[in-house]
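Below is one structure; the comments refer to it alone.
The values are calculated or read from the model by the stated rules, or taken from the named source; none is laboratory data. Only a predicted model underlies this, so the values are computations on that prediction, with no experimental measurement involved. Reconstructed Cβ throughout: ideal geometry from the backbone, glycine too, with neighbour counts over all protein chains shown.
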Amino acid sequence: MRMLKKVIIFLLVLVALVIALRILNWFGATTAIEGIRRFNSLEEAHHQLRLRTLYLPSYFPDYLEWPPFEILGQTTPYKLVLLHIRNQESKEVVLAIRQVESAEVKPPATRLEPFHAGREEAVQLHEHTALLEEGRCADNAPCTRISWSEQSHHLNVILKDGREEILRIASSMEVER
């Protein structure tokens, strides 16, 4: 009988310890501020960031390298995905795609920023109005940027190329689930 009591007490203590550890783990996960992380693939980023939607272009110029050279993302304090894509020959980053799930924040800069706008124009993109800007990238090279919102997502594409190519890329953006 004494042995049975000891086993029951041991099991109760073990159950209480497991419950306490789960509560501490949950509390830590909900209060942690996560930084921007680097991912090895789009699939890994999609899964780890628990994204419901990820916008990717279906049109891709031949001179660009796929998959992205750099995939960055975070979930807190807001969801963010940032892709940097290089030129196949020069290996220079020439395309940046940024997706943010909050209009209230100033997301981190891409490798092509700061972007200095010269000419701005409102253009139709899908059923949305987008802001198309022609200007200069961080290295003073000619660049084009287009920004628009799709549902709760705010998208921004910067390309070291002209307006025709960026409009083709932006128009082809589709949701990957």
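Let's see how each residue does on (1) in a strand (DSSP E or B); (2) exposed (fewer than 15 other Cβ atoms within 10 Å of the Cβ); (3) in contact with a helix residue (DSSP H, G or I) (Cβ under 6 Å, 6 or more places away or on another chain):
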site	(1), (2), (3)
V81	yes, no, no
I85	yes, no, no
R98	yes, no, no
K106	no, yes, no
T110	no, no, no
G118	yes, yes, no
V123	yes, no, no
A130	yes, no, no
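Out of curiosity, is T144 surrounded by 20 or more Cβ atoms within 10 Å (Cβ to Cβ) and either touching a Gly at 6+ places or on another chain (Cβ under 7 Å) or touching a residue at least 60 places away in the same chain (Cβ under 8 Å) (or both)?
Details: surrounded by 20 or more Cβ atoms within 10 Å (Cβ to Cβ): yes; either touching a Gly at 6+ places or on another chain (Cβ under 7 Å) or touching a residue at least 60 places away in the same chain (Cβ under 8 Å) (or both): yes.
Here the answer is yes, as T144 does meet what is asked.
Residue-by-condition table, conditions (1) outside the structural domain of I146 (by TED's automatic domain parsing); (2) within 13 Å of the chain's Cα centre (by Cα); (3) part of a helix (DSSP H, G or I); (4) within 17 Å of E165 (Cα to Cα):
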site	(1), (2), (3), (4)
E44	no, yes, yes, no
R50	no, yes, no, no
Y59	no, no, no, yes
S90	no, no, no, no
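For residues in the range 156-177 being more than 22 Å from E92 (Cα to Cα) and of a type in the set (A, V, I, L, M), which is surrounded by the fewest Cβ atoms within 10 Å (Cβ to Cβ)?
If we filter the range 156-177 for residues that are more than 22 Å from E92 (Cα to Cα), which is where we start, we get 171-177.
If we keep only those that are of a type in the set (A, V, I, L, M) too, we end up with 173, 175.
Numbers: M173: 22, V175: 12.
Top of the filtered list is V175.
Given the structure, is R163 within 27 Å of E43 (Cβ to Cβ) and at pLDDT 90 or above?
Working: within 27 Å of E43 (Cβ to Cβ): no; at pLDDT 90 or above: yes.
Answer is no for this residue.
Restricting attention to the range 91-134, which residues are touching a residue at least 12 places away in the same chain (Cβ under 8 Å) and of a type in the set (S, T, N, Q)?
Selection gives Q99, S102, T110, T129.
Please work out if L125 is within 22 Å of N40 (Cα to Cα) and aliphatic (A, V, I, L, M). Full working, then the answer.
Values: within 22 Å of N40 (Cα to Cα): no; aliphatic (A, V, I, L, M): yes.
Against the criterion (within 22 Å of N40 (Cα to Cα) and aliphatic (A, V, I, L, M)), L125 does not qualify.
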